[in-house]
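Below is one structure; the comments refer to it alone.
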Amino acid sequence: MNVISQYNFFPKQPPSFNIIETGHEIIESTNQLLDSLENEFGFLEINFSSQDSKSNFLKLPDDKKQSTFLKLKNYYHFLSGMIEKEVDLNDNPSCLKTVFDKMGLSVSDQFFKNLTNTDVVEVYDNSFIQIFRNLNCLKFTSYDVLTLSSYDWTELFERDATINSSLIEEAVLLLSENKDLYRSKVEEHLLIERFSAKKNKMIIKNKIGASLLNPNNEIVGFVATQTAKLVDNNTNLGFLRSH
């Protein structure tokens, strides 16, 4: 079963952002939600949307619009929950522990002991669907939150196919064996934005991962960390795999 539906961090039916069905309702509700994100969390200096991302959103099929709306709704309640509990969004261990506690999930103490505040953190369910990313992810991409919520990872970024295969192998390992702490063996590589105006390039170093457990100690997903460094076109990248 999909982790995000079974262990939802967020209210299933928040009063102001109910699930909607028609295309017109999806567009109207998404715009209202984006306004709420901007008005309530603008102080975080997060790039939530742009005219381009809103235009691209309108071109999506209705089922994709619905999925995007739900991701944005989850993000809204994530930020609200963290601020309400006065959790420092730059404190990776505290932030991630709060998320897992709300979802009824856990990872090992060993993982948290090796987690740093500069790490990019991504959490996936057992269907390889990303259910959480920390704010560090937004520091290295020119995509706004709406764009990140509207498209699959492979539509947004590209990298060497052998790197993708190695990462999938490690993910399968974390889903098949209970790993308290796994140190990635994937080599440092180049990640490139596919269709952004800036086409950001990042050097990625995968660090650690761990299996994600439910209250019955069953593996229902995994968490992985990495470091990222923005590079420009003048940087010598001959030693890296790209695509």
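Quick look at the values:
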read-out: V172, sole failed condition from (1) closer than 24 Å to L138 by Cα; (2) in a helix (DSSP H, G or I); value: (1)
read-out: Of all residues making up the stretch 109-120, the number that are assigned to a loop (DSSP other than H, G, I, E, B) and surrounded by fewer than 17 Cβ atoms within 10 Å (Cβ to Cβ); value: 4
read-out: Selection count, the stretch 24-56, where residues are modelled with pLDDT of 95 or more and at positive phi; value: 0
read-out: Residue list for the stretch 68-100, restricted to those being outside any helix (DSSP H, G or I), over 15 Å from the mean Cα position of the chain (by Cα) and of a type in the set (A, V, I, L, M, F, W, C); value: V87
read-out: Complete set of residues in the stretch 160-176 that are among the β-branched types (V, I, T) and under 20 Å from the mean Cα position of the chain (by Cα); value: I163, I168, V172
read-out: Residues satisfying the stated conditions in the stretch 119-158, i.e. modelled with pLDDT of 95 or more, within 27 Å of E177 (Cα to Cα) and over 9 Å from the mean Cα position of the chain (by Cα); value: D119, V120
read-out: Subset of the stretch 177-194 (residues that are under 19 Å from the mean Cα position of the chain (by Cα) and under 18 Å from Y124 (Cβ atoms)); value: S184, L191
read-out: Failed item in (1) over 20 Å from the mean Cα position of the chain (by Cα); (2) modelled with pLDDT of 95 or more; (3) under 30 Å from Y76 (Cβ atoms), with A197 passing the rest; value: (2)
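The values are calculated or read from the model by the stated rules, or taken from the named source; none is laboratory data. This structure is a prediction, so every number in the text was calculated from the model and none was measured. In this analysis, Cβ positions are derived from the backbone assuming ideal geometry, glycine residues included, and neighbour counts consider all displayed protein chains.
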